[in-house]
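The values are calculated or read from the model by the stated rules, or taken from the named source; none is laboratory data. Predicted model, so just to flag it, every value in this text is computed and none were measured. Here the Cβ positions follow ideal geometry from the backbone for every residue, glycine too, while neighbour counts run over all protein chains shown. Remember, those area values only see protein heavy atoms, side chains included, never the ligands or the DNA or RNA. Shrake-Rupley method; radii C 1.70, N 1.55, O 1.52, S 1.80 Å.
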Amino acid sequence: MERMFHHRLWAAVLIAAVVSCDGGAQSVPRETGEREELLPHEALVAEYLEAAPIPTGPWKGIGDGSEVRAALVGRELELLGILREDPSPGIYCALGILYTQAGEPTRGMSFLAKSLDLDASKGLAWSWLGANRLSFGEFETAALLLEHAVSIDPTDALAFKYLGIARGRCDDVVGAKSAFEEAIQLDPNAADARVELASHLEDEGLANEAYAHLLDANRVRPDDDATLFRLARIARELGHEEQAREFEFQHERLRVLEDLGYLKDSVTNARRSITLGIYFLGKGRVVEALPEFDKVLASNPTPAEGENAMLGRSRCLVELKRFEEAESALLALREARPDHPDLIRLEERLAELKSLEE
Amino acid sequence: MFRVEWMELANRSSEMRGSLLPLCLCSFLFTACSDSVEPAPGTARKGLSAGPTEDGSRLLVDVTEASGIDFRHSSGSVGNREITETIGGGVALFDMEGDGDLDAYFVQSGPVRLPGDVENRSGGENELFRGRGDGQFESVADAGGANDSGYGIGCAVGDLDGDGLDDLLVLNWGANKLYRNRGDGFEDWTATSGLGFEDRWSTSAGFFDAEGDGDLDLYIVNYVRYAPSSHLNAQFNPAAPKGFRMTPTPDIFPADPDQFFVNDGRASLTDETRSSGISAALGKGLGVVVTDVDLDGLADLYVANDGTPNLLFHNQGGNRFIEKGQVLGVAFNSDGRSESGMGVDSGDMDGDGDLDLFVTNFEDETNTAYLNTSEQRFGFRDKTAACGLAEACRTLLGFGTLFHDFDLDGDLDLFLCNGHIFDNVELIHAERTFAQPNMLFLGDRGKFALADKQLLGPGVIGPDVSRGSALGDLNGDGVLDLVVTNNNSGAQVIEVRPATDDWARVELRGPSANHRGLGAIVWLELSDGRRLLRGVNSARSFASASTTAIVSGTPSGLIAVEVMWPGGQRERFGPAAATGKVWRCAFGTGE
């Protein structure tokens, strides 16, 4: 989820750049007669335009939920506003990229195709249309569009990365590797391309080469948990046990941070504390869980919140072997909810731990 | 559609069983095995027609109406959006009477119990449909005694007492129910068996022979602790727009530990969750598949967990398991992330001679294909994208899933049940829907492509909110058909009509009480040198139980069948085991 939001933020930044450099481009209407002699990539644009006309109005899905999405909807509305005044290919392209990144590829395709219909000379729109088709699983089509994109702009590292992915899905491993290498040469910080290339190298048994690319990717993007996970696995295969453990530790740390970030951003007050408490309990972090349940009970909870917090608190006390407090908490829970299905289990667990202590 | 009185059915059944008994005794009791048939090549299909098809080339055809199966699942929703409501339910295809025809058992959910509402549990009974063997079914009154009215999620079948008839386990949100199959009806065996009446939230289960002693043990997958008291947690979904209630995700509920019961051979179950090592790992489980990832003859268990790492219990023998999900690379996806595992199946996806794993997940996660890399080093790699299974499913939420050679070309294909858990998902995503299309991917040695729409008859792929799915020969033509359950909607019966006649069917007669050979591994040896690997398993998909008969395309002809029985003993069967297309391989009769 976090990664997706990063993509979206990044897309917003990119869109701003596209708009600023291309916002004033003049529309270049295509002659109707040209359609009969279209090249394959041009024919695709015509097909998309016909299949999916430009939708009217904003996409309501973008605006719900987190602040990141709210930022995106702000950008969407701004771009739609500009589009009404100045329907230029750059604005269509920017909206196409935004929708593609926001998980709305059908809408994204319409805008990208419209942009290219107005001005087919922009490599960026071709490359994003290729990326857009990737998300539909149309790999051969995506490869065709991306090859055209890099022929227009051979310095577009992102297009080469997507081209590598498309070729890889078409079983063109040599072509895929070549595209990723080109992307890396153009942009040594192209971490995604390095990770993708590493995956192919690993498949070929070239674990050392794969490991080197992953290390580079990790240097560029040290907080990417997916790279760390892969690094840990290959390090272990190569016999670098100590490094493997370190990468595993870092990976786990990032995962926990992300989980907690999600939980903290998601719910509020008593319910957030219950959620966090249960999360900590699930991870065996009982000491951290207990204060969360205490917070709930001190905050004038609703009956349901109170029951959940009492249950969580009882579980913590049992596991912490604070037997007297645990017994008292279970007694209170029994008075509140004598039929609670977890009550018997907790009482059994308490008895078990007590007997072990004795 | 009419209901058959149970006594009438019992009488008919006992007549049938009586006449078959001598034959059974002298021919390895195949009548007790799943769904024995012997179709003659080239004979007319016995199946029902769903009406004229446009060109007669459909691979899958919806025959629900003609089949007489009119089961309709009820979630019991009254608008509270409980987490329980959009999960169930499952289906079991098994030969309840031992007459050779598959019957269909459907699990009903029904009203959700609220605090103080424990007694009010009217309706919501599970239903049984007796198969006639020709594709038509009749509703059986009171489900033959297995009409449990708990809040049902799934079911599993296995012959616990070794009498040759499959018994039935019903998995509930609440206490589970175990029914002993008498052949003429079911009796509640829950207390007698030692299963107990604990309030749990069970979703899927698998009967399997854990230690190779010939009787069936039991693994039960449990989901989260969701007591009626946490009913108000239904408002907790953090994704919900302000002022709207959405079904909660499982994040805020603690995991409910899975259970492992050992059978003493007389249907008496002992809870050995702790001593077996199963309790060493915890997850929010929805699906389980019994498999054998290292082909050592000891059945392993792979559990799909929702939001927590998937678990692979590697069987050490002697009822001991070690959880190796992370070590073997099947706990997370290739990015090291826990996904929202729902349904699961195991099969040799890429035809390289080992068993791979496939898990369905939440939208935007892709489903995940873990390919077994035993040819290099024992373990798995997430190869979803390379298999062609990533992008096409990314916007869908998967549940039940089944590997099967639907088009009978010798390669495993893949069926996916889809459907969201948020009935108002459009509030947070404009183009996502609650009802979603199911999918059939046709396999070609590790590459999967969506089946051409022309192969799928009207209504076959929904859209609906599909959950469970089970395979079984419903119409007696020998090939396996499909039943799909839909949440809060009618079940679907789908007839499979492959275009080729080059196929074979393998039925096992296992050692002692494991009469269907659950957990066995089968190699089909073709004349072109290919060896098709298949697992014999009932517990797969989600919350459901399939037949154990193996049906596969044999393009170059089948020359022999090798079986590795639970425990590791191997036998090879030549053409003498075949009658027409059906190879009957009984323990102790091979080479």
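Just the protein heavy atoms count here, and of the accessible area of the range B:289-409 at 1.4 Å, carbon and sulfur take up 47 percent.
Net charge within 13 Å of residue B:591 by Cβ-Cβ distance, Lys/Arg positive one each and Asp/Glu negative one each, not counting residue B:591 itself? Local charge sum for residue B:591: -1. DSSP finds beta bridges in chain B, and of those with both partners inside it, around 95 percent are antiparallel. Give the shape of the range A:289-329 as rounded, prolate or oblate, defined through the alpha-carbon gyration tensor: a ≥ b ≥ c are the square roots of its eigenvalues, a/c under 1.5 means rounded, and otherwise the shape is prolate if a/b is larger than b/c and oblate if not. Because a/c hits 1.5 or more and a/b exceeds b/c, the range A:289-329 counts as prolate. Show me the trypsin sites (Lys or Arg not before Pro) within the range A:274-305 that DSSP assigns to loop and that have at most 15 other Cβ atoms within 10 Å of their Cβ. Listed in order of number, the matching sites are A:283, A:285. Taken residue by residue and averaged, Cβ atoms of other chains lying within 10 Å of the Cβ of A:137-146 number 2.
Accessible area per residue for chain B, computed on protein heavy atoms with a 1.4 Å probe, is 31 Å². Taking amide H atoms as placed 1.01 Å from N in the peptide plane, the amide H of residue B:96 lies under 5 Å from those of B:103, each 5 or more residues away in sequence or on another chain. Rounded to the nearest 100, the interface formed by chains A and B buries 3700 square angstrom of accessible surface, both chains summed, with a 1.4 Å probe.
Interface burial in the range A:270-291, defined as at least 30 Å² less accessible area with all protein chains than with the chain alone at a 1.4 Å probe, covers A:271, A:275, A:278.
The count of lysine pairs in chain B that are at least 8 places apart or cross chains, and whose C-alpha atoms lie under 22 Å apart, stands at 5. Contact residues in the range B:318-338 by the 30 Å² criterion (accessible area, 1.4 Å probe, full protein complex versus chain alone): B:334, B:335, B:336, B:337. Taking the 1.4 Å solvent-accessible surface of the range B:467-591 as the whole, the part contributed by carbon and sulfur is 46%. Number of Lys pairs in the range A:168-325 with C-alpha atoms less than 20 angstrom apart, excluding same-chain neighbours closer than eight positions? Close lysine pairs under the 20 Å cut-off: 4.
Once the 1.4 Å probe is applied to the protein heavy atoms, the range A:73-232 comes out at 35 Å² accessible per residue.
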